[in-house]
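Reviewing the structure listed below.
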Amino acid sequence: MKQKNDLSNTNNPHYDVLIVGGGMVGASLAVALVALGLKVGLVDAYQFGVAEQPSYDDRAIALSYGSSRIYQGMGLWSELSANTTPINSIHISDRGHFGATRLSAEKEKVPALGYLVESRILGKQLYARINDSKIDLIAPARLEAFKETDDGLIIELQKNEKSNENNDSFQLKTRLLVAADGTQSKLRDLAGIGISRSSYQQSAIIANVSTEKPHNNEAFERFTDTGPIALLPLSDNRCSLVWTHDTQQGSSTVEQTMALSDADFLDKLGKEFGYRLGRFTKVGKRSSFPLALVTAEKNTANRTVVIGNAAHTMHPVAGQGLNLALRDVAVLADLIAHYGNDDAGSDALLEAYEAQRAEDLKNTVRYTDSLVRLFSNDNFLLGHARAGALLAVDRIAPLRKLFTTQSMGINHRQSRLARGLALRKKQEASA
Ligand SMILES: Cc1cc2nc3c(=O)[nH]c(=O)nc-3n(C[C@H](O)[C@H](O)[C@H](O)COP(=O)(O)OP(=O)(O)OC[C@H]3O[C@@H](n4cnc5c(N)ncnc54)[C@H](O)[C@@H]3O)c2cc1C
């Protein structure tokens, strides 16, 4: 793909908004801001498309129905949806215990409960849109430091090129700085925002697998003694597998499963997951990720907003990480549309962002964390509590509604983008 001429594009280094981190979250915010005509820069440590770029790998992301509306508001959904697989139903069960729950798009009267998209494909579409816009792509460059001035922040960046033997650094100025630089966010640390971190003592193996029987656009979440298995429908009758392993269990460590031959891996997966889709017949490249809950103590500091994994890194069990982050993006873009022409880094914007995100962030982190803890525990009584919870969700309409709306990403106050509407600048909104 054609790339903008990165660092040379920065002749006018006074930005309204500078986004550090061009992963799925930072790049989505950049695309959302195209409509506003502000001076926006997007910095990433890697050139888009190189193998080292950590955000765009083989993982498939379950975008909630709410996220599809956000991309619709950005004008990206019509192209993106051609490369997604809709989830028409979700089957949730607990291995060895009675009780299962089924969520369905038909019952909820929506076109789909969610959509599967490969992160590499999502990245290509986001960067194609950025390349066609006036946004400056500043890559490969790493944020090293920043300092405050009366009307903005001065950012120091280091060129991140193998040939950069002179350690070339350069400066940019911005009114608002957005930290979208992932779980280990340097910007969050430099802004003095602390984190709380708790390891789940689990790792997830991800891979694409094929099965004997068609998935019929059904997703499966199966809780087993070794950890949850999520199987999500992809194109060509493939499924995206997220197989969580308890790393404390000596007999079944993630390394051992990773080391199995393809045939043994598929055999073990079949024994754990069961044979609802027949036998597993093929597996693609496998990768593994350690899992922890990391949350920032706050989401803003002077002229700085923290979003995406930098603000909240969650267990992938409920597929909420990017979906929650896209709601960060939608709210922040709404506020930038409102305050951006005067001062995108104003205290009023920062206070409004903190206030508008607090509830959704707290609820989504709590929902995902409780799900992991409830279903990770191999205690006999908890096993029965889980079965009871699944049956209750299946039978009791209001509880099912809560479960479904949280999974669909619509259980919260709706920004313009989250309602599928395009952003409006302040003047247009009041005209
Ligand atoms: C196995 C797995 C499955 C998942 N499935 C789902 C799912 O189904 N649904 C869902 O909603 N979520 C899912 N998630 C969560 C989702 O992947 C994350 O929420 C998302 O990737 C976060 O993206 P990000 O852009 O915030 O961070 P990252 O992807 O970490 O991107 C950070 C970017 O910042 C750049 N960077 C870092 N430091 C610097 C620096 N100093 N200077 C400049 N640039 C820098 C990096 O190069 C990178 O491009 C899953 C996660 C995992 C692990």
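Every number in this text was worked out from the coordinates using simple rules, so none of it is lab data. Bear in mind the structure is a predicted one, so any value in this text is a computation, not a measurement. With ideal geometry, Cβ positions are generated from the backbone for all residues, glycine too; neighbour counts draw on all protein chains shown.
Annotations for the structure displayed:
- Here's how it looks for Y15: its modeled amide H is under 5 Å from those of K173, T174, R175, which are all 5 or more places away or on a different chain.
- Rg/Rh for the range 198-257 stands at 1.04; both radii use Cα atoms, and Rh follows the Kirkwood definition.
- Between amide H atoms placed 1.01 Å from N, distances below 5 Å from Q202 occur with T247, L291, all of them 5 or more places distant or on a separate chain.
- Residue-wise HN-Hα couplings along the range 331-348, as the Karplus relation 6.51 cos²θ - 1.76 cosθ + 1.60 with θ = phi - 60° gives them from phi, are 5, 4, 5, 4, 5, 5, 4, 7, 9, x, 5, 7, 7, 5, x, 5, 4, 4 Hz; Gly and Pro carry x.
- Entries of K159/K425; K186/K298; K39/K425 with Cα pairs more than 22 Å apart: K159/K425
- Each label point was placed 7 Å from the Cα along the Cα-to-Cβ direction; for K362 and D132 their separation is 4.2 nm.
- In this label model, A259 and N237 are separated by 3.5 nm, measuring between points 7 Å along each Cα→Cβ vector.
- Spin-label model distance (nm) - K173 vs D267, 7 Å beyond Cα toward Cβ: 6.7 nm
- E255 sits among other residues whose Cβ lies under 13 Å from its own Cβ, and their net charge, with Lys and Arg +1 and Asp and Glu -1, is 0.
- 3J(HN,Hα) along the range 110-117, derived from phi through the Karplus expression 6.51 cos²θ - 1.76 cosθ + 1.60 where θ = phi - 60°, amounts to 10, x, 7, 6, x, 9, 8, 9 Hz, with x in place of Gly and Pro.
- Amide proton proximity set for A141, modelled H, under 5 Å, gap of 5+: D44, A45, Y46, N160
- Taking a sphere under 9 Å around the Cβ of F170 and counting the other residues whose Cβ falls inside, with K and R at +1 and D and E at -1, yields a net charge of -1.
- For the range 209-317, the Cβ-based charge dipole about the Cα centre amounts to some 300 debye (Lys, Arg positive; Asp, Glu negative; other atoms uncharged).
- On the basis of the beta-carbon distance and an R0 of 25 Å, S370 and R276 show a calculated FRET efficiency of 0.45.
- FRET efficiency for I154 and Q201, using Cβ-Cβ distance with R0 set to 35 Å, rounded to 0.05: 0.25
- Those trypsin sites (Lys or Arg not before Pro) in the range 130-221 that DSSP places in a loop and that have at most 10 other beta carbons within 10 Å: K162
- Relative contact order of the range 208-265, pairs being alpha-carbon contacts under 8 Å that are 6 or more residues apart, as %: 26 percent
- For the range 61-70, Karplus couplings with θ = phi - 60° (6.51, -1.76, 1.60), whole Hz, Gly/Pro x: 10, 8, 7, 6, 4, x, 5, 4, 5, 5
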